[in-house]
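For reference, the structure discussed in these notes is given below.
Read-outs throughout are calculated quantities, based only on the coordinates presented, and are distinct from any laboratory measurement. Every value quoted in this text rests on a predicted model; they were computed, and no experiment measured them. Using ideal geometry, Cβ is built from the backbone for each residue, glycine included, and neighbour counts are taken over all protein chains shown.
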Amino acid sequence: MELTHINEQGRAKMVDVSKKQETVREAIARGNIYMKKETLEKIKEGTIKKGDVLSVAQVSGIMAAKKTSDIIPMCHPIMISGCDIVFTLNFEENKIEITSTVKCTGQTGVEMEALTAVTAAGLTIYDMCKAIDKEMAISDVVLLKKTGGKTGLFERK
């Protein structure tokens, strides 16, 4: 397999996507943030002192998706056409499952934007709750699905 982000001198480069066809692209990513049961309860009840944790994390994830190329060096700036983040509170495993869906019509995919959205949302939850739970853990951030482009459909098994 050829590494597309390496130039003839062995240094990093941004891939030229100018000859790629524009297609509708979508990526779905997921991650978890594990925490104490009491922390999860306070998030659900809306009693975290810093405010509505999931609303702030939602906005943070969307903002991060829009700014992915600012923090991931070889990502292209992409005009995303949609971004949504869903939070699922799981009291059996004391976690919040974070799922992001990002869409665009363009010459390159939005996998990095979806992964960045999940990560930023998780970091925001951590930031807003760290005063009461420093043992939270963000993990299992993965791409679930991507569509569009030359490689077409990818779905995690």
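Can you give the Kirkwood hydrodynamic radius for region 7-157, in Å, rounded to one decimal and based on Cα pairs?
16.3 Å
Which angle from 0 to 90°, rounded to the nearest 10, does the C-alpha axis of helix 111-129 make with the longest principal axis of the chain?
20 degrees
Enumerate lysine pairs in region 11-124 that are 8 or more residues apart or on different chains, then count those whose Cα atoms are under 23 Å apart.
20
Evaluate the charge dipole of the chain about its Cα centre and quote only its size in Debye, nearest 20, assuming +1 on the Cβ of each Lys and Arg and -1 on the Cβ of each Asp and Glu.
200 debye
Show me the ranking of peptides 136-144, 121-129 by mean Cβ neighbours inside 10 Å, starting with the highest.
Output ranking for 136-144, 121-129: 121-129, 136-144.
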